[in-house]
Amino acid sequence: MPTATVTSKGQITIPASVRAALGLDAGSRVEFVETEKGKYTIVAVTSPVLALKGMLLRQPDKPVSIEGMN
């Protein structure tokens, strides 16, 4: 698991493997999204909105019919 150290100025260097996975280059922006208390997800701001699909909600195991929803 990649790790980083916080400097005295509050800065971190994102590990190369994480930057590559997120498609980050110099000047890229990221957001820190709190997913639950004490846990955050790093999201590349340059990602398309569709990349966020399913981030917070789990997909159902099988499709649900209208009758099943009612």
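Scanning segment 17-34 for residues that are among the polar types (S, T, N, Q) and surrounded by 13 or more Cβ atoms within 10 Å (Cβ to Cβ) turns up just one, SER28.
Number of residues in segment 1-16 that are among the small types (Gly, Ala, Ser) and surrounded by 10 or more Cβ atoms within 10 Å (Cβ to Cβ) equals 2. If you go through segment 1-52 and keep only what is in contact (Cβ under 8 Å) with a residue 12 or more places away in the chain and either in a helix (DSSP H, G or I) or among the basic types (Lys, Arg) (or both), you end up with SER17, VAL18, LEU22, ARG29. So which residues in segment 5-49 are among the hydroxyl-bearing types (Ser, Thr, Tyr) and modelled with pLDDT under 85, if there are any at all? Once the filter is applied, which keeps residues that are among the hydroxyl-bearing types (Ser, Thr, Tyr) and modelled with pLDDT under 85, segment 5-49 yields THR46, SER47.
The values are calculated or read from the model by the stated rules, or taken from the named source; none is laboratory data. Just so it is clear, the structure is predicted and the values come from calculations on it, not from any experiment. Cβ coordinates were reconstructed from backbone atoms using ideal geometry, including for glycine residues, and neighbour counts include every protein chain displayed.
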